[in-house]
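A short worksheet on the structure shown next.
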Amino acid sequence: MGFAVRADQGKSDSVKSSRKQNLVLLRSKGQQDVSPEALFEAPVRSVPSRAKTLQAVPAEVKQLPRTPRLPLGLKLLVGVQQSSTVLTGGLVATALIIYSWTVYLDKAVARSFNRLDTLKAAIQQVTTANATLKNTMAEQAESPTAGFKPFEPKRAIFLSPAPARPSVEPGLEPDAPEPMPHHPLGY
């Protein structure tokens, strides 16, 4: 039978400095139960050392294998693969941008053509309405009930032309005073 002592923090590991609650009984299957109090009050005997029967066997420490160094050709191929991956990603992104841009342009052109068609239809309607209005006005003017008199040349008024003015060349006049800067008089 044996016992083990649980050491408290900051205290020594000796049996004398241990308390009863720190003792843990170790026994084999065939041994009797002994209370920790009985062991605590019993005189301490020296236990023969088993150090003679147990021999320390040095453990061999093996170093973990390092990752093998890659050959230069394989390193070159890995670099080519990584750069081609980046290049492929860039090309895919560029293709998506160009595709979305062309779709946007197609929609914008379609909207512009639709607007052009509606404007052409509106111009045609305005031209038709204008011609119809002119025709109606001409018919109303020709009717005798409108009260218009036909044109008579003897009733025409002739105006004499105004005298010709001298031409003035644009330029700065040397005698002209400099314009004063405009300042507000108040707010």
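Throughout, read-outs are computed from the coordinates displayed, never taken from laboratory work. Model, not experiment: these values are computed from the prediction. All Cβ positions, glycine included, derive from the backbone under ideal geometry; neighbour counts span all protein chains shown.
Once the chain from residue 165 to residue 142 is taken as fully extended at 0.36 nm per residue, the excess over their C-alpha distance is 4.0 nm. Classified by the C-alpha gyration tensor, segment 62-170 has an oblate form. Its axis ratio a/c, with a ≥ b ≥ c, is 1.5 or above, and a/b does not exceed b/c. Where the centre of each part is set by its Cα atoms, how far does segment 58-84 sit from segment 95-161, in angstrom? Centre-to-centre (Cα) distance: 82 Å.
In terms of surrounding Cβ atoms within a 10 Å radius of their Cβ, 119, 159 rank from fewest to most as 159, 119.
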